[in-house]
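**Q** The structure follows.
The values are calculated or read from the model by the stated rules, or taken from the named source; none is laboratory data. None of the values given here were measured: they were computed from a predicted structure. In this analysis, Cβ positions are derived from the backbone assuming ideal geometry, glycine residues included, and neighbour counts consider all displayed protein chains.
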């Protein structure tokens, strides 16, 4: 190692120290080959950070040793190819020597200039030997499943290997500098899908990185397809456990009582209720998980939520169409009109057709089942009424009568299930409706021309109707 030193007075040194590092950088660039002056007021042992004959790679950082009086560092290779950094960066991450025009396996003189002020520096030179061959090696495992603390081993390394390292996004996780070249990786806190970089570094500082992707499993099994509803009978808790490393064992609990593993059947009872289910599971690495969820026990058949026609509805004709909606926590599978003549319906609303017989109450019978095939009968009651109401005119001019002015008509109507209304028709058009017993109408005969044809019609609550014979009047 050789050294070149320059001196100047204390007063001049103090003045020069007031310059900022930025000004120093500019001055260094502008000064070119101007004479250098040494600063010895704060003597500190300085070294290049290199040793004679040391192998040096093309992009290798090295760290010169210097004191706080140094503001900047410049390196030269064989007197040229300058590389400049301030003191802070020279300490971390270090400096480089530009070896771009130097051949591999060649001696080169690396000069380090320690600047204490613009144009004021001390120079040290070390002769190194270039080594630009990237080191190689093999790692195991490379990718795949890892957990807890994992060991990655490097093999087939060159003789000049200095270290193997494990990094993630530039941060070093582990380093090995001696055989058996094992990297210890604590995977706790790492994401499930983690990419890390493995490095082989030789004594010249050449670094061969390779990135690999690992699946980190530090969690217990996951419960998939959590059941929400179960029928009221014996059965297993139909859950599926998944784990990247594999499930080793499981337990499940009902209302705080251990049932067994997931293959154990459980008697869900005969009543609808809610059970607090808990699944505990462990993977092959001992990682455990606990998952709790409610399970609804369905012991009931579907129930009616809406029905048309409603119970007690008057119907007439030869058949009636029933439209039903049902509710069930597990869902409705189908509904069959048992006493009807249409087929099973599998889609809501459920429609069935039923024959109507003689007058009176008629029960429409359904069988409805839920998705667990728990079924029951459902009944509708309608009232068949195919009998027309009775109707008679109690007061009115006779057929063929001559009328004038306002003419009054009285009528009576009856029906076992009630009369809905009585209508007055004049010349083929309905002109008035009466909804109350003691049916009465008044006609302004002048509104209807010379000839009037009068008729009354009565409707019962089922829709049956009857009409009186037509009376003709002259005005």
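**Q** Assuming residue 98 fulfils every condition listed in (1) surrounded by 14 or more Cβ atoms within 10 Å (Cβ to Cβ); (2) free of Cβ contacts under 8 Å to residues at least 60 places away in the same chain; (3) not in a loop (DSSP other than H, G, I, E, B) apart from one, which condition is it?
**A** With respect to (1) surrounded by 14 or more Cβ atoms within 10 Å (Cβ to Cβ); (2) free of Cβ contacts under 8 Å to residues at least 60 places away in the same chain; (3) not in a loop (DSSP other than H, G, I, E, B), residue 98 is out only on (3).
Matching residues to (1) touching a strand residue (DSSP E or B) at 6+ places or on another chain (Cβ under 9 Å); (2) assigned to a loop (DSSP other than H, G, I, E, B); (3) outside the structural domain of residue 273 (by TED's automatic domain parsing):
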site	(1), (2), (3)
196	yes, no, yes
199	yes, no, yes
204	yes, yes, yes
208	yes, no, yes
227	yes, yes, no
230	yes, no, no
238	yes, yes, no
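**Q** Out of (1) crowded, with 20+ Cβ neighbours inside 10 Å; (2) outside the structural domain of residue 182 (by TED's automatic domain parsing); (3) closer than 18 Å to residue 207 by Cα, what's the single condition that is false for residue 105?
**A** (1)
**Q** Same structure again: Among residues belonging to segment 183-197 that are surrounded by 14 or more Cβ atoms within 10 Å (Cβ to Cβ) and more than 23 Å from residue 220 (Cβ to Cβ), point out the one that is nearest to the chain's Cα centre (by Cα).
**A** 196
**Q** Further, regarding this structure: Can we say residue 420 is under 13 Å from residue 391 (Cβ atoms), surrounded by fewer than 15 Cβ atoms within 10 Å (Cβ to Cβ) and in the same structural domain as residue 394 (by TED's automatic domain parsing)?
**A** Judged against the criteria, residue 420 is not a match.
**Q** Could you pull out the residue among 310, 281, 277 that is in the same structural domain as residue 247 (by TED's automatic domain parsing) and farther than 30 Å from residue 187 by Cα?
**A** 277
**Q** For segment 360-386, how many residues are buried (at least 16 other Cβ atoms within 10 Å of the Cβ) and within 21 Å of residue 313 (Cβ to Cβ)?
**A** Summing the residues that are buried (at least 16 other Cβ atoms within 10 Å of the Cβ) and within 21 Å of residue 313 (Cβ to Cβ) in segment 360-386 gives 10.
**Q** So, one more: From (1) surrounded by 13 or more Cβ atoms within 10 Å (Cβ to Cβ); (2) within 60 Å of the chain's Cα centre (by Cα), pick out the condition that doesn't hold for residue 412.
**A** (2)
**Q** To continue, here is another question. Residues being in a strand (DSSP E or B) and surrounded by fewer than 18 Cβ atoms within 10 Å (Cβ to Cβ): count how many of those fall in segment 315-332.
**A** 5
**Q** Still on this structure: Being in contact with a strand residue (DSSP E or B) (Cβ under 8 Å, 6 or more places away or on another chain) and assigned to a loop (DSSP other than H, G, I, E, B) is the filter here, so list the residues in segment 358-386 that pass it.
**A** Within segment 358-386, 358, 359, 371, 372, 373, 374, 385 meet the criteria.
**Q** State whether the residues of segment 115-126 include one that is surrounded by fewer than 16 Cβ atoms within 10 Å (Cβ to Cβ) and part of a loop (DSSP other than H, G, I, E, B).
**A** no
**Q** I've got another one for you. Considering only segment 169-178, I want to know if a residue exists there that is under 30 Å from residue 45 (Cα atoms), over 32 Å from the mean Cα position of the chain (by Cα) and touching a residue at least 24 places away in the same chain (Cβ under 8 Å).
**A** No; the residues of segment 169-178 include none that is under 30 Å from residue 45 (Cα atoms), over 32 Å from the mean Cα position of the chain (by Cα) and touching a residue at least 24 places away in the same chain (Cβ under 8 Å).
**Q** Any chance you could count how many residues in segment 131-160 are out of contact with any strand residue (DSSP E or B) (no Cβ under 6 Å at 6 or more places or on another chain) and either within 18 Å of residue 174 (Cβ to Cβ) or buried (at least 17 other Cβ atoms within 10 Å of the Cβ) (or both)?
**A** 6
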